[in-house]
1. Under 5 Å between amide H atoms, partner at least 5 residues away or on a different chain: which partners does GLU228 have, H built in plane at 1.01 Å?
2. For segment 377-400 and segment 242-272, what is the centre-to-centre distance using only Cα atoms, to the nearest Å?
3. For PHE209, list long-range residues whose amide hydrogen, built 1.01 Å from N in the peptide plane, is under 5 Å from its own amide hydrogen.
4. Enumerate the calculated ³J(HN,Hα) couplings along segment 183-195 in order (Karplus 6.51 cos²θ - 1.76 cosθ + 1.60, θ = phi - 60°), each rounded to whole Hz, writing x wherever the residue is Gly or Pro.
5. Treating only the Cα positions of segment 148-423 as identical point scatterers, give the base-10 log of I(q)/I(0) from the Debye formula at each q in 0.08, 0.11 Å⁻¹.
6. Starting from the coordinates of the alpha-carbon atoms of segment 194-297, obtain the Kirkwood hydrodynamic radius over all distinct pairs and give the value in Å to one decimal.
7. Please compute the per residue accessible area over segment 280-425 with all protein chains in place, 1.4 Å probe, rounded to a whole number of Å².
8. On each of the three principal axes of the Cα atoms of segment 272-341, give max minus min coordinate, whole Å, ordered largest first.
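The values are calculated or read from the model by the stated rules, or taken from the named source; none is laboratory data. Remember, predicted model here, so these are calculated numbers, not experimental data. We place every Cβ from the backbone using ideal geometry, glycine too, and count neighbours over all the protein chains shown. These area figures cover heavy atoms from the full protein model, side chains too; ligands, DNA and RNA do not enter into them. Shrake-Rupley method; radii C 1.70, N 1.55, O 1.52, S 1.80 Å.
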Amino acid sequence: MRVVKGFLVSLLLSGCAARAFAVYTPDFDGGVDVKLAIQAAIESAASAGGLVPEPARPAPERSVWVSMEKNDVGALDDALFKRAPVAQSKKIAVYEFDAAELGRLADGMHRAFLRAPGFFAHDTLEAALEDLKTPPAPPARAYAVDQELRVKQALALVKEDSIVSAIASLSAFRNRYYRSATGVDASKWLQREWGKFAQNRPDISVAPFKHAAFPQESVILTMRGTTEPDKVIVIGGHLDCVAGGGDNPAPGADDNASGVAVTQEVIRALVEAGYKPAKTIKFIAFAAEEVGLRGSGDVAAAFKKAGTAVDGMLNLDMVNYKGSPLDIYFVSDNTSAGQNAFLGRLLDTYTDYTWGSFKCGYGCSDHASWTKNGYPASLPFESTFEQYNPFIHKATDTLAQTGGRAEQALKFARLAVAYAVELAK
Ligand code: BES
Ligand code: ZN
C-alpha cells in the first residue's frame, strides 16, 4: 500500500508542477517494476541524507481506487474509462485502476483541464466509497459581530515584522517536503517555536499530530476555552511545500510559509493581549497538503471520529502576494457560504480592505478536508485564481519576491485575529 501511495504522491507532485509551469512530465514507470524502482529511489535518496527511510514496507498492491466527477470522465473521453466504474453516485464515479495507469490519467486531466488532477486516489475501495457520500452540510448558524473592544485591542498588536521573520525562518529550510529530513526538521522547529507561547500559560499546550504514512508531523497549539472548552475553532495552514518533489530546493515562502507565519502571528498577538477564549482555539500547521491534502485529511477525520464540535475552520494558504486589485478573495467552493459572509462582515467592520470571491473548481487546499467532514471552513486568498503567484512550487518562491515585506499577509493576520475573537466568544 505504501508503495502505491508513494507512487501517487509523485504523480500529484507532477500535477502541482504542471499547473504552475503549464507543462506536464508524466512521472510514472511505463512498465518498469514500480516496487523495485521506488524502493531503489527511496534507498538512494535516504543514503544521500535526503529522505527519511520508512521502516518495514508491506508488499505493493497494484490496484488503486480513484474517485472523480462523472462530468470530467465524459470530457476526457479516454479509453481508460472503457471499463465500468465499480461504484457511482449521481455525480461521482469510482474506478479501479492499476497504479501504473495513474500517470496517463493525470496527463489527460492536465491536457483537458489545465489544472491539478481533479481526482482522489485511495488505497482501498472502502476509502474511495466514502467520496460518494455527499458531505454533511454544517447546520446554519447565526454569526454575531459584537466584540469590538477585544478585537481592537488585539488588532493593535499585530505586526508585519514578526510575520516577515517567521516567513524568513520557514523558507530558510532547504525544503519542507513531507518526506524529506528538512521537512521533518521544519515541523520540529515549529513545535519548539510554538512551545514558547505555552510558557506561563497552563491553558496553552503544543503537541505534534503524527501521521501513520509519512514522517512529517502536523503541529497543534491548543488554547483551551475558559467556559465552553468542548467547542473548537481551527485556524491554520499547511507547513509543507514542494518544487518538483523529493529533496529539491523549495523555499515555499508564499505557498505556504506565509499562512503558517500569519497563524503564528495571530497566536503571538492574542498571547500578548492576554486574551483567553471562551471556546477552545486550535492553531494547526498541517503536514503534507501538497500531496493530496493528506495531513489535514488525517486531522479532520480524527476530529470527526472523536466527535469534536468544530465551530469553524479558517485556512490560511498563500497570503503574501498581491496579484489582483482587491485585498482578499474568498474561495466560494468547498467552503461555507455562511462563514464566508461572516468573514466579509469582519473585514467591513474592522478594516478598510476590499474583498471578492472566486472558485478553485476543485478541493485546492486544506479547507476541503474540513468541509468533507461536515465542518464550516473558509479560504481567504491573496488573489484571483487567474492571477495567483506564478512562483509557487518553484525554487523562486522566496520572500525576496515580495521585497522582504509582508504587507499583504498582514491583512490576513488582522482578519484571522477578528475571526478568532468574534467566534471563540
Ligand atoms: N496553495 C495551493 C492551492 C492554490 C494554488 C489555490 C493557486 C489557488 C491558487 C496548494 O498548496 C496546492 O498546490 N494545492 C494543489 C492541490 C492539492 C489537492 C494537491 C494544487 O492546487 O495543485
Ligand atoms: Zn498551498
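1. LYS279
2. Cα centroid to Cα centroid, the span is 12 Å.
3. SER218, VAL219, ILE220
4. Those phi angles translate into x, 5, 4, 4, 5, 5, 4, 5, 4, 5, 4, 5, x Hz.
5. -0.27, -0.53
6. 14.5
7. Counting only protein heavy atoms, the per-residue value for segment 280-425 is 31 Å².
8. Sorted from largest, the Cα extents of segment 272-341 read 42, 37, 26 Å.
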